[in-house]
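Data first, discussion second: the structure below is written as structure tokens.
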Amino acid sequence: MKDHVRANWRNVVLVCRKCSKKLDGGFGPHGDERLAKALRKHLALKKGRKADAGIVEVNCLGVCPKGAVTVVDGADSREWLLVKPGSDLGELTRMLHLGEADP
């Protein structure tokens with residue numbers, strides 16, 4: 001039996017599922033997608049472990065901001081982001097250290 005599994009992820013981003021559900025969309029080109037799905041499409045990520053980065057929806061993170069989604073960057077977990085609907089996904093990917101070339 002395997003004791004570990006390899007993933008191609010350079011970084012992982014945790015997105016609060018409860019916040020996303022409360023907003024009922026607000027992201028993407030037409031403003032009708034949840035943040036996690038919009039980020040995956042914006043970055044053109046493959047599915048699962050073969051992706052360059054992991055965008056994972058998790059249960060409530062306990063912050064519960066009004067009109068925003070709580071996001072945690074796995075590489076910088078001390079600073080959590082509160083992302084409002086309609087935010088620029090390009091700027092968000094830079095803030096989350098996604099889409100950068102390997103050093």
DSSP-assigned coil residues among trypsin sites (Lys or Arg not before Pro) in the range 43-100, each with at most 14 further Cβ atoms within 10 Å:
Lys46, Lys47, Lys66, Arg78
5 angstrom amide H check on Gly26, placed H, neighbours 5+ away:
Asp32, Glu33
Pairs of lysines 8 or more apart, or on different chains, with alpha carbons under 19 Å: count those in the chain, would you?
18
Of the candidate values (i) 8.4; (ii) 5.6; (iii) 7.4, the one computed for mean projected area of the Cα convex hull in nm² from this structure is (iii)
Sparse-neighbourhood loop sites, GluC sites (Glu not before Pro) in the range 32-88 - DSSP loop, at most 14 other Cβ within 10 angstrom
Glu79
Counting only C-alpha contacts under 8 Å and six or more residues apart, can you give the relative contact order of the chain as a whole percent?
33 percent
What trypsin sites (Lys or Arg not before Pro) in the range 6-38 are in a loop by DSSP, with at most 12 other Cβ atoms within 10 Å of the Cβ?
Arg6
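Coordinate-derived values only; no laboratory data. Note that the coordinates shown come from a computational prediction; the quantities given were computed from them, not determined experimentally. Here Cβ is always computed from backbone atoms with ideal geometry, including for glycine, and neighbour counts include all displayed protein chains.
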